[in-house]
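Right, one structure below, let's go through it.
Read-outs throughout are calculated quantities, based only on the coordinates presented, and are distinct from any laboratory measurement. Just so it is clear, the model here is predicted, and its values are computed rather than measured. Ideal geometry is used to build each Cβ from the backbone, glycine not excepted, and the neighbour counts take in all protein chains shown.
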Amino acid sequence: MSSVAEAASERVELTDFGVMRVAGSDARAFLQGQLSNDLLRLTSDDSLLAAFNTVQGRVVAILRLVQRPDGIFALLPAALVPKVIAGLDKYILRSKVTLSDESPRFAVVGVLGASVRKMLLVPRADLAAAVPSAKAAENALERWRLVTIAAGEPQVYLETSEMFVAQMLNLDLVDGVSFSKGCYTGQEIIARTQHRGRIKRRMLRYRIRGTTAPKRGEQLRLDAGRLGRIVESAARNANESEVLAVVPLDGSDRDSAESSLPHLEVERLPLPYAVPDLS
């Protein structure tokens, strides 16, 4: 991105994000055996989206990886940084790798422009010059989430960690999974799900009216009576929000929908990529 384009972009601190550093001579090889994407694709010019999963294929966290001379940095929800460090640490064994929480040293800043949406690693000493006033930042943060929802890019938070497998979150559709790189933690389940065509739930995008923005992890009755689990949520105004939600594609939850769940005014919105639909 040119400096002119970046200067014209809107910046906002992503206050619920933190930073993990993976350093050492074996850092890339170590992550190659733990994360869902191909670390050979990570360069200093391009970040990489990847998931860290349990051995059962459940997504613990989704990481945006950034290559720097002093290591590979992972941008992810701050509440998950200790959990991911603890989860990765048990696989280090004799690898020359160190893991550290760099959130006190670095902030994560989102950049929104006419044709760009990216995440930057910013030293906290430079943060005041990089972001606007607190009120403007709050509004910009909601706009960042709305643009991310429109892009169909999932995120996992502490309340939804280990709730979904990669394909439920469309990670295979947003270039967050490599099916050719070889083994990694959770790979067997993810590959089997993909190749046997047993993807019964997918993440879809909705507009919801008449209520405040639902919480991540909350279960709602969505279109055609299907139960959906909220992945991400952002308010458009006081009475309208947009969400990404994992729903059964065949509508199998219609009859089992909890009677206590309210009937909401819901509209399914398009995503920028094709999602298989069995209904």
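Applying a DSSP loop filter and a limit of 15 other Cβ atoms within 10 Å to the trypsin sites (Lys or Arg not before Pro) in segment 105-213 leaves ARG105, ARG196, ARG198, LYS200.
For the chain, a Gaussian network of Cα nodes joined below 10 Å ranks SER161, SER241, SER95 by mean-square fluctuation, and the top entry is SER95. Could you calculate the FRET efficiency of GLU138 with THR212 from 1/(1 + (r/R0)^6), where r is the beta carbon distance between them and R0 is 22 Å, rounded to 0.05? Once rounded, the FRET efficiency stands at 0.90. With contacts taken as Cα pairs under 8 Å at a separation of at least 6 residues, the chain carries a relative contact order of 20 percent.
Distance between the modelled labels on LEU264 and ARG192, one decimal in nanometres: 3.3 nm (7 Å Cα→Cβ projection). Using a Gaussian network model of the chain in which every pair of alpha carbons under 10 angstrom is joined by a spring, one finds that among GLN56, GLN155, GLN219 the greatest mean-square fluctuation is at GLN56. Projecting the Cα atoms of TYR184, VAL275, ILE149 onto the charge dipole of the chain (Cβ charges, centred on the Cα centre) puts TYR184 farthest toward the positive pole. Adding -39500 (n - 2.57) for every DSSP H run of four residues or longer, then dividing by how many residues the chain holds, sets the calculated 222 nm ellipticity at -5000 deg cm²/dmol. GNM remark for the chain: springs join alpha carbons under 10 Å apart, and the peak mean-square fluctuation among GLY225, GLY217, GLY176 falls on GLY225.
Decide, for segment 15-94, between rounded, prolate and oblate: order the square roots of the alpha carbon gyration tensor eigenvalues as a ≥ b ≥ c, take rounded if a/c falls under 1.5, and otherwise choose prolate if a/b is larger than b/c, else oblate. Rounded. Computed about the Cα centre, the dipole magnitude for segment 188-241 is approximately 240 debye when only Lys and Arg (+1) and Asp and Glu (-1) carry charge, each at its Cβ. Given +1 at the Cβ of Lys and Arg, -1 at the Cβ of Asp and Glu and no other charges, the dipole of segment 111-232 around its Cα centre is 480 debye to the nearest 20. Rg over Rh for the chain works out to 0.97, both radii taken from alpha-carbon positions and Rh defined as the Kirkwood radius. Pairs from the table (LYS90/LYS118; LYS83/LYS200; LYS90/LYS181) lying more than 25 angstrom apart at Cα are LYS90/LYS118; LYS83/LYS200. Pairs of Cα atoms in segment 128-207 fall into 5 Å distance bins, from 0 up to the last occupied one, in shares of 3, 12, 18, 20, 15, 11, 9, 6, 5, 2, 0 percent.
Straight-line cross-link partners of LYS215 among the aspartates and glutamates, defined as a Cα under 15 Å from its Cα and at least 8 positions apart when in the same chain: ASP16, GLU142, GLU159, GLU232, GLU240, GLU242. Each of ASN237, VAL84, VAL116 was scored by the projection of its Cα onto the charge dipole of the chain, and the greatest displacement toward the positive side belongs to VAL84; charges sit on the C-beta of Lys, Arg, Asp and Glu.
Each Lys and Arg Cβ is given +1 and each Asp and Glu Cβ -1; about its Cα centre, segment 53-165 then shows a dipole of about 220 debye. On full extension, the segment bounded by CYS183 and ALA129 gains 15.2 nm, given 0.36 nm per residue less the C-alpha separation.
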